[in-house]
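Everything below concerns the one structure shown next.
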Amino acid sequence: MTEVKMTVNGRAVSGDAEGRTLLSTFLRETLGMTGTHVGCDTSQCGACVVHVNGNAVKSCTMFAHEAAGAEVATIEGQAAPDGTLNKIQQAFQDYHGLQCGFCTPGMVMSAAALLKENPQPTEAEVRDYLEGNICRCTGYHNIVRAIMAASGQEVPAVAAE
Amino acid sequence: MPKDQGIGASSKRREDVRFLTGTGNYTDDINLVNQTYAHFLRSDVAHGTINSIDASAAEAMEGVVKVFTAKDFEGVGGIPCGWQVTDREGNPMQEPKHPILAEGKVRHVGDPIAVVIAESPELARDAAEAVEVDITELPAVIDMKAACAEGATKVHDDLTSNLCYDWGFVEENRDAVDQAIKNAAHVTTLELTNNRLVANPMEPRVAVGDYNRANDEHTLYTTSQNPHVIRLLMGAFVLGIPEHKLRVVAPDVGGGFGTKIFHYAEEAFVTFAAKALNRPVKWTCSRSEAFISDAHGRDHVTKIELALDADNKFTAIRTETYANMGAYLSTFAPSVPTWLHGTLMAGNYTTPLIYVNVKAVFTNTVPVDAYRGAGRPEATFQLERVVDKAARELGMDPAELRRLNFIKPDQFPYETPVAVAYDTGNYDATLDKALELTDYAGFDTRAAESKANGKMRGFGIAHYIEACGIAPSNLVGQLGARAGLYESATVRVNATGSIAVMTGSHSHGQGHETTFAQVVADMIGIDESQVDIVHGDTSKTPMGMGTYGSRSIAVGGSAMVRAAEKVINKAKKIAAHLMEAADADIELKDGQFSVAGTDKSVAWGDVCLAAYVPHNYPLEEIEPGLEETAFYDPANFTYPSGAYFCEVEVDPGTGKIDILGFTAADDFGNVINPMIVEGQVHGGLAQGLGQAMLENCVYDDNGQLLSGSYMDYAMPRAHDLPNFTVDHSCQTPCTHNPLGVKGCGEAGAIGSPPALVNAVIDALHRGGYPVEHIDMPLSPSRVWNAMQSVK
């Protein structure tokens, strides 16, 4: 075990990690930041997506020591300090883009990365970008709508009544 | 204007805020002081005799606390099965012991052999590699029909064969059905497989056991859909812990879809080990481990025959199904191919004679149990496929053949020949709605455009009926259920009028915390924010049966309504006293009690305060306080139904399917939160279309699981699926529960597989490939090979 230091959501943190300790494990177990979820062991599901130096990364594919000195952003740092949801989080609530919530941290972090590189994606572009994020609850329909809405595009209101 | 609160409003979900900010509390987020970690060493062969287990090297490793094997569980019960099916001769099913850890033999890849407890998960995993297990591999039985053959290797030596039961339903109809098929003007026959699936909630299972020696109390934190059921099964039948010394907590649970109903060995293990070690024990399942330890779903092989008369009316249905049980009987496994499947074989139709034969078979595979829909998707798939095939054989429009045979709106309540009575429904209405939403009339034009682009377009229809709101206890007791299936709720009103509702239902994505609060707030006329829903902890909620089978709003919601009614009735008495009026004259509206015909009123909050500060109170007539509990046992199942239409394009060069549109017109009765209901349908559709097009759980002949991770098991991704058109405006409210609700959780997974397969078969026929059937999943290679077979 050796010490690793990084910045997580703007806060300097450190902890001991083995060479084999994954960034996802370091966040969850060492730092106690359990917002980042682990849904598989083959880097398929994307529940563990965080940002490392501004890039979306599956935190189960990276060793904690590889993130030494990096700026890491997780789901815990997405809302404003007073708790106000950011526009992507708010759109997920407004458009019912989550059910059980387990894939949600990764979905929100992937959506943020998408909108940073493509501020007005088409629906097909959203669906393609989410290739690496599996959701078992929503059928993606409302996740796609939430991300389109968060990008400022017109999306029909939820639930035709 | 849509309502913004209460019943019928698309209230935003209150649970979202914690899930969107990383502050949920899932079981794997729980870490206890002095906690140890369990790693299960599992069989890597499908069938074998355990000659020896040597854990000495592992136990000598630094950080290892103990290695458990079956010998540590002598005198401990096996994992019980919650449902007993009786066979055609009237005998009980064959029921093998399901030990916590393998005793002498392993019976499927993943069968647990030993458990290493260590100071970290990594140390436990490392030490598991040092446990030496000597196994003599035996021949495995994987194929169900081979397992039933004379002289087949037995999965359980102490059983007479691999046949769990041979079930006939309705046995008395057998001869009449045979006769009707013999005399029919036309018989359509279809043999098909309902592919084996893995439920795959995104949160893998986790269990944390804790024990307090000072008061002899156990706590189990677990990823369960029904904590009280786990407490009862594990406490009473496995470990012998009385309920008052056992608390089961299922906190935020990341999806269930059935597979988190069942009581699993790992739950009993961590509870047992926590006491043995006097330290908390945590087990977190990896995804690869989930594939070989979560109960699987479906896996039926069926032959169905549909008889029609000269007027194209259905006269009889006969089916023979082989249903895979896997190596052991999971909690509700025997009920799935029988009472959740045979009873649905009438579908939406007036077929007068039905006979269903089911042979449930043990194999050297992971146990199979309920998965979203559970039996009802299997019934719907075979029925809607054979009806479609019949329409083609008869040269009829598939919608019109269905319509001709529908139970008509004036025929309800309708007694089917398979023991259930549908209370309400209007199948023509959902068909008409789906036709309207899909521009059925314009299909030929669209098909011509596809053809011009070198593609084959097809249109598929499926109808479904399901039995939800599980279940009337006295009825299911007669059918073999070993538990009641009521639901409970306590409505606790606080002194200043806010409310906590303790429900036996459990939310693991369905949004009960929002929907249930809407109902209670609406009944009283207060703001939804004044109502909190408490669930998932046996120490907080009354004994309840949990969430599965689309039962929560129909059964749990009804219990809550009954408890709230009791509260309101008592509050009216208090209000009457405060206003010096007769009880019968008190009305409650918008949170105000008033005396009919006067301008006297008193607010909800003031009445609640009076109940807890009873200074001016009818103490001689009623007790202080305002808290009531109700248990609701439904009089019947509920029967949601719907019409599902799928439009596809097939690439003749590759066999690849594109879903161009999917329309679901459902009748769920009354709807509490339309936004949540639509979300439930979307998710069900994705799972059904996943089954139809992508997902398949495959074993090789040796019992090795070939689809054991997300690298091999094709989960639906965003780009595999279309936008869905969903509609729930056709509403025939349930007649026997107070909300008139039916349940919506499983519909999508039930109705969508036949709609997609019917659409693909239609596309192939239109493209000049007269393929009769392709077994799911309709992968490009299967579609392409089927096309070549008829070239």
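The values are calculated or read from the model by the stated rules, or taken from the named source; none is laboratory data. Here the structure is a predicted model, which means the values were calculated and not measured. Counting neighbours? That spans all protein chains shown, and the Cβs are built from the backbone with ideal geometry, glycine included.
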- line: How many residues of region B:711-720 are buried (at least 20 other Cβ atoms within 10 Å of the Cβ) and within 22 Å of the chain's Cα centre (by Cα)? The answer is 4
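Identify all residues within region B:506-529 that are assigned to a loop (DSSP other than H, G, I, E, B) and either within 23 Å of residue B:603 (Cα to Cα) or more than 11 Å from chain A (Cβ to nearest Cβ) (or both); write none if there are none. Can you show your working first?
We begin by selecting, within region B:506-529, every residue assigned to a loop (DSSP other than H, G, I, E, B); these are B:506-511, B:525-527.
Those that are assigned to a loop (DSSP other than H, G, I, E, B) and either within 23 Å of residue B:603 (Cα to Cα) or more than 11 Å from chain A (Cβ to nearest Cβ) (or both): B:506, B:525, B:526, B:527.
What tally of residues in region B:537-564 results from selecting those that are small (Gly, Ala, Ser) and within 17 Å of the chain's Cα centre (by Cα)?
Of the residues in region B:537-564, 7 are small (Gly, Ala, Ser) and within 17 Å of the chain's Cα centre (by Cα).
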- prompt: Picking from B:498, B:473, B:488, which residue would you name as being free of Cβ contacts under 8 Å to residues at least 60 places away in the same chain and farther than 24 Å from residue B:666 by Cβ?
  reply: B:498
message: If I filter region A:117-161 down to residues being closer than 13 Å to residue B:718 by Cβ and small (Gly, Ala, Ser), which single residue comes out as farthest from the other protein chains (Cβ to nearest Cβ)?
response: A:146
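Given the structure, is residue B:629 part of a loop (DSSP other than H, G, I, E, B), over 30 Å from residue B:377 (Cβ atoms) and either outside the structural domain of residue B:557 (by TED's automatic domain parsing) or of a type in the set (S, T, N, Q) (or both)? Spell out the reasoning first.
Values: part of a loop (DSSP other than H, G, I, E, B): no; over 30 Å from residue B:377 (Cβ atoms): yes; either outside the structural domain of residue B:557 (by TED's automatic domain parsing) or of a type in the set (S, T, N, Q) (or both): yes.
Here the answer is no, as residue B:629 does not meet what is asked.
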query: Of the residues A:114, A:98, which single one is more than 8 Å from chain B (Cβ to nearest Cβ) and under 16 Å from residue A:46 (Cβ atoms)?
result: A:114
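Taking region B:634-656 as the region of interest, how many residues are surrounded by fewer than 24 Cβ atoms within 10 Å (Cβ to Cβ) and in contact with a strand residue (DSSP E or B) (Cβ under 9 Å, 6 or more places away or on another chain)? Write out each step before concluding.
At the first step, the residues of region B:634-656 found to be surrounded by fewer than 24 Cβ atoms within 10 Å (Cβ to Cβ) are B:635-636, B:649, B:651-656.
When the remaining residues are screened for being in contact with a strand residue (DSSP E or B) (Cβ under 9 Å, 6 or more places away or on another chain), the result is B:636, B:649, B:651-652, B:656.
Qualifying residue count, region B:634-656: 5.
State yes or no: is residue B:623 acidic (Asp, Glu) and more than 23 Å from residue B:750 (Cβ to Cβ)?
Answer is yes for this residue.
Quick one: which of B:320, B:305 is free of Cβ contacts under 8 Å to residues at least 40 places away in the same chain and over 22 Å from the mean Cα position of the chain (by Cα)? Don't jump to the end; show me each part of the working.
On the way: B:305 fails: free of Cβ contacts under 8 Å to residues at least 40 places away in the same chain.
After ruling out the rest, the residue left standing is B:320.
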- prompt: Mind checking which residues of region B:608-617 are buried (at least 18 other Cβ atoms within 10 Å of the Cβ) and free of Cβ contacts under 8 Å to residues at least 40 places away in the same chain?
  reply: B:610
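Is it true that some residue in region B:466-480 is part of a loop (DSSP other than H, G, I, E, B), of a type in the set (Asp, Glu) and buried (at least 24 other Cβ atoms within 10 Å of the Cβ)? Working first, answer last.
Keep residues of region B:466-480 that are part of a loop (DSSP other than H, G, I, E, B), which gives B:466-467, B:469-472, B:479-480.
Add one more test, that the residue is of a type in the set (Asp, Glu), and what stays is B:466.
Filter once more, keeping what is buried (at least 24 other Cβ atoms within 10 Å of the Cβ): B:466.
Within region B:466-480 (the criterion being part of a loop (DSSP other than H, G, I, E, B), of a type in the set (Asp, Glu) and buried (at least 24 other Cβ atoms within 10 Å of the Cβ)), the answer is yes, since at least one residue qualifies.
Could you count how many residues in region A:135-161 are hydrophobic (A, V, I, L, M, F, W, C), surrounded by fewer than 24 Cβ atoms within 10 Å (Cβ to Cβ) and modelled with pLDDT of 95 or more? Steps first, answer last, please.
Here is the first cut: in region A:135-161, the residues hydrophobic (A, V, I, L, M, F, W, C) are A:135, A:137, A:143-144, A:146-150, A:155, A:157-160.
Of the ones still in play, those that are also surrounded by fewer than 24 Cβ atoms within 10 Å (Cβ to Cβ) are A:148-149, A:155, A:157-160.
Next, from what is left, pick out any that are modelled with pLDDT of 95 or more: A:148-149.
Counting residues in region A:135-161 that are hydrophobic (A, V, I, L, M, F, W, C), surrounded by fewer than 24 Cβ atoms within 10 Å (Cβ to Cβ) and modelled with pLDDT of 95 or more gives 2.
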- line: Of the conditions (1) in contact (Cβ under 8 Å) with a residue 24 or more places away in the chain; (2) of a type outside the set (Gly, Ala, Ser); (3) farther than 27 Å from residue B:88 by Cβ, the single one that residue B:242 does not satisfy is (1)
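Could you list, in sequence order, all residues of region B:708-745 that are more than 13 Å from every other protein chain (Cβ to nearest Cβ) and hydroxyl-bearing (Ser, Thr, Tyr)? Outline the logic, then answer.
If we filter region B:708-745 for residues that are more than 13 Å from every other protein chain (Cβ to nearest Cβ), which is where we start, we get B:730, B:732-743.
Scanning region B:708-745 gives B:732, B:735.
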- prompt: Which one of the conditions (1) without any contact (Cβ under 8 Å) to a residue 40 or more places away in the chain; (2) crowded, with 20+ Cβ neighbours inside 10 Å does residue B:175 fail to meet, given that it meets all the rest?
  reply: (2)
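Here are B:186, B:156: which of them is at negative phi and touching a Pro at 6+ places or on another chain (Cβ under 7 Å)? Let's see the steps before the verdict.
Values: B:186 fails: touching a Pro at 6+ places or on another chain (Cβ under 7 Å).
B:156 is the lone residue from the list that is at negative phi and touching a Pro at 6+ places or on another chain (Cβ under 7 Å).
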message: Among the residues of region B:598-618, are any outside the structural domain of residue B:494 (by TED's automatic domain parsing), over 30 Å from residue B:346 (Cβ atoms) and in a loop (DSSP other than H, G, I, E, B)?
response: no
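Within region B:670-691, restricting attention to residues that are over 18 Å from the mean Cα position of the chain (by Cα) and part of a helix (DSSP H, G or I), which residue is surrounded by the most Cβ atoms within 10 Å (Cβ to Cβ)?
At the first step, the residues of region B:670-691 found to be over 18 Å from the mean Cα position of the chain (by Cα) are B:670-675.
Remaining after also requiring part of a helix (DSSP H, G or I): B:674-675.
Values: B:674: 21, B:675: 24.
Restricting to residues being over 18 Å from the mean Cα position of the chain (by Cα) and part of a helix (DSSP H, G or I), the top hit is B:675.
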task: Check whether at least one residue in region B:201-210 is closer than 18 Å to residue B:272 by Cβ and more than 25 Å from the chain's Cα centre (by Cα), and report yes or no.
output: yes
task: Would you be able to say whether some residue in region B:168-189 is under 25 Å from the mean Cα position of the chain (by Cα), in a strand (DSSP E or B) and more than 14 Å from chain A (Cβ to nearest Cβ)?
output: yes
Residue that is nearest to residue A:131 (Cα to Cα) [pool: residues in region A:21-78 that are within 13 Å of chain B (Cβ to nearest Cβ) and acidic (Asp, Glu)]: A:41
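Can you give me the number of residues within region B:733-768 that are surrounded by fewer than 24 Cβ atoms within 10 Å (Cβ to Cβ), outside any helix (DSSP H, G or I), in contact (Cβ under 8 Å) with a residue 60 or more places away in the chain and of a type outside the set (S, T, N, Q)? Give the derivation first.
Keep residues of region B:733-768 that are surrounded by fewer than 24 Cβ atoms within 10 Å (Cβ to Cβ), which gives B:733, B:735-736, B:738-740, B:764-768.
Still in the list and also outside any helix (DSSP H, G or I): B:733, B:735-736, B:738-740, B:767-768.
In the following step, the residues that additionally are in contact (Cβ under 8 Å) with a residue 60 or more places away in the chain were identified as B:733, B:735-736, B:738-740, B:767.
Those still in the list that are of a type outside the set (S, T, N, Q) too: B:733, B:736, B:738-740, B:767.
Selection size over region B:733-768: 6.
Yes/no matrix, rows are residues, columns are (1) more than 16 Å from residue B:246 (Cβ to Cβ); (2) of a type in the set (A, V, I, L, M):
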| site | (1), (2) |
| --- | --- |
| B:268 | no, yes |
| B:271 | no, no |
| B:283 | yes, no |
| B:289 | yes, no |
query: Looking only at residues in region B:532-553 that are over 25 Å from residue B:234 (Cα atoms) and in contact with an Asp or Glu (Cβ under 9 Å, 6 or more places away or on another chain), which one is surrounded by the fewest Cβ atoms within 10 Å (Cβ to Cβ)?
result: B:532
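Filter region B:209-221 for residues that are within 12 Å of residue B:251 (Cα to Cα) and either out of contact with any Ser or Thr (no Cβ under 6 Å at 6 or more places or on another chain) or among the aliphatic types (A, V, I, L, M) (or both) and give the result. Explain how you work it out, then say what you get.
Within region B:209-221, the subset within 12 Å of residue B:251 (Cα to Cα) is B:220-221.
B:220 - this is the single residue of region B:209-221 that is within 12 Å of residue B:251 (Cα to Cα) and either out of contact with any Ser or Thr (no Cβ under 6 Å at 6 or more places or on another chain) or among the aliphatic types (A, V, I, L, M) (or both).
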